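Scroll down for the structure; my scribbles are underneath it.
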Amino acid sequence: MDVTMIGLQNAGKTSLLRVLSGGEFTIDSIPTVGFNMKRVQRGHVTLKCWDLGGQPRFRPMWERYCRGVNAIVFIVDIADQDLLPMAKEELHSLMSQPSLEGIPLLVLGNKSDLHIKLSVDELIDALDLKSIGHREVSCYGISAKEETNLDAVIQWLMKWANR
């Protein structure tokens, strides 16, 4: 199963992928230049996860790496509200691409362990997720650091593995 993980820089994509693939959370992740790929094994399902850089110069590549995947995972730092308008703009721009129509979208509000953060409902509103059509859209709050709600993420992804 192919999964592409995208989101603005410093949202926690690489940290999440490291934890999902059985590694340790580290506070000092360096920004991803280009992309990483890791395999995450759960039972009989192997998730091949692409982790794309979130800096502005890498965002034009996102659409190419999202074509034909089983699911797109968009990760947002829910403690950095200043970046939400940019995250919304990038997400909606990407989801409007005809080549990505029908691909399920999972939005993850990362850093739920921090004190000042958005709730899942606030994130849904801030990103205007209800207006994204032509696909299944789900949204969870997670913490890669505390490993909060990661089982739900894996369950959601595995639901799409056989389609």
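Each reported figure results from applying straightforward, stated rules to the coordinates on display, with no laboratory input. Since we're looking at a predicted model, the values are computed, not measured. Please note: Cβ atoms are built from the backbone with ideal geometry, for glycine as well, and neighbour counts cover all protein chains shown.
Listed values, structure above:
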item	result
Other-chain or far-sequence residues with amide H under 5 Å of residue 5's (modelled H)	50, 51, 52, 73
The stretch 44-56 - phi-based ³J(HN,Hα) in whole Hz, Karplus 6.51/-1.76/1.60, Gly and Pro as x	8, 9, 10, 8, 9, 9, 9, 10, 9, x, x, 5, x
Estimated inter-spin distance, residue 154 and residue 37, nm [label 7 Å along Cα→Cβ]	2.3
In Hz, Karplus ³J(HN,Hα) per residue of the stretch 133-147 (6.51, -1.76, 1.60; θ = phi - 60°; x = Gly, Pro)	x, 6, 5, 6, 10, 10, 9, 10, x, 9, 9, 4, 5, 8, 6
Descending Cα extents along the principal axes, the chain, whole Å	38, 36, 29
In the chain, lysine pairs closer than 18 Å at Cα, eight or more apart or cross-chain	13
Computed Rg/Rh of the stretch 107-163, alpha carbon atoms with Kirkwood Rh	1.00
5 angstrom amide H check on residue 148, placed H, neighbours 5+ away	143
